[in-house]
Amino acid sequence: MLQDAASKNISRYYIDHAYFNPGYGGKCWLRICHNRHTMNWIMETGGDPVLTERLKRRWKENFKRSNQVALWRSGNERGENILICPPTNAIEWYFKENNWVDTIIAQLKEILNEDDWKRIRVRNKPREPIVDNLGNLVRLQKNKEDILLEEDLENANVVISYNSMVTLTALKKGIPVITSKHNCCYPVSFKLEDLADPRCFEIEPDRISLFHWLSSCQYSLNEISSGFAWNHILEYQNASDN
C-alpha cells in the first residue's frame, strides 16, 4: 500500500514504534512520518530561539529522564567489534535491498586490514518478519542470539545498520554509528570510509540536536486523538522540502 502510494505521489503517513519509550501498551508514544519510513533529517531552527527551546523542552519534559545519554566514548573506551545490524527480510523486500549485508561486508574487507576482518559481527533481529515475493507476511522467524544486545554494544567499536533502532541506543551510549538513509540516525552517521582512519570517531556528532528533533516527531495517543499531532506535523515536517 505504501509502495503504491509512493509510486503515485499520494500523500501518506507511516506510524510505528516511537524513537524513545517505544511500545504499544498503555499510554504509548508512536512515531508518525509523512511520506517516509523514518525521520532521517533534522529540522533547521535557523537560530530561532523560540523554536529551539520548543524542541529542547519536549525532550526534557517527556524523554530525558528515561533515556540516559552517556558521554561520548573515545576509542579506548569502546569495544573492538564492528557490529552489523541488517535489515529484516520484510525491510529487504520493501526497499529492494536483498544483498545489503554481503555488500557491506565486502566493502569492509576492502577498507580494513585482513587481520581486522575477525572484528566483524552480524546481529540479526530476534524476531524477524519473513515475507513472500508480494510482501505478505509468511511467519515471524526467531533468530537465537547467545549474546545480549547490551553486551554486544559494550563490545562494539562502531555499529553499522540499515534501519535498526539499535543505532539510536548506541548513540545514547556514546558509540558511533554508520547508517543508510532509511535510519533515524542518518543525520549524525559516519561513513564506512571513516573506518580507514578511526580517529574521526573521536569527534562527537550533534547527538543532542537529533534527540531533540526526534522527540518532536513522535506523539502520545492523546496528542493524536486531539489533533495536536496532525497540526504539529503540518508545521514541522511538511514545512520542509527534505
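Just so you know, all these numbers are worked out from the coordinates, no wet-lab data involved. Computed from a prediction, not measured in an experiment: that's the story for all the values here. Note that we place each Cβ from the backbone using ideal geometry, even for glycine, and neighbour counts take in every protein chain shown.
Taking N as the number of residues in region 11-135, what value does Rg over Cα atoms divided by 2.2 N^0.38 Å take?
Taking N as the residue count of region 11-135, the ratio is 1.39.
Could you check what % of the DSSP bridge pairs in the chain are antiparallel, to the nearest 5?
55
Of 122, 159, 188, which has the largest mean-square fluctuation in a 10 Å C-alpha GNM of the chain?
Per the Cα network of the chain with a 10 Å cutoff, 122 tops the list.
So if I place +1 on the C-beta of Lys and Arg and -1 on the C-beta of Asp and Glu, and nothing else carries charge, what would the dipole magnitude of the chain be about its Cα centre? I want it in debye, nearest 20.
Its charge dipole is roughly 840 debye.
If we count every other residue with Cβ under 15 angstrom of residue 196's Cβ, Lys/Arg +1 and Asp/Glu -1, where does the sum land?
Surrounding charge for residue 196 is -4.
Just need the relative contact order of the chain here, percent rounded to a whole number, with Cα pairs under 8 Å and 6+ apart.
Relative contact order of the chain: 26 percent.
Say R0 is 30 Å: what FRET efficiency, to the nearest 0.05, do residue 99 and residue 53 get from their beta-carbon distance?
About 0.10, to the nearest 0.05.
For residue 225 paired with residue 27, estimate the spin-label separation in nm (one decimal), with each label point 7 Å from Cα along the Cα-to-Cβ line.
For the pair residue 225/residue 27, the computed spacing is 1.2 nm.
For region 75-203, what's the radius of gyration and Dmax over Cα atoms, in angstrom?
When restricted to the Cα atoms of region 75-203, Rg and Dmax are 14.7, 46 Å.
Fewest Cβ neighbours within 10 Å first, please rank 192, 153, 171, 134 accordingly.
134, 192, 153, 171
Expected output is a single nm value to one decimal: the length gained when fully extending between residue 35 and residue 65, i.e. 0.36 nm times separation in residues minus the C-alpha distance. What is it?
Difference between extended and current length: 7.7 nm.
Gap in Å between the Cα centre of region 168-207 and the Cα centre of region 103-146?
Using only Cα atoms to place each centre, the spacing works out to 19 Å.
How about residue 64: which lysines have a C-alpha closer than 24 Å to its C-alpha, ignoring those fewer than 8 places off in the same chain?
Within reach: 27, 56, 172, 173.
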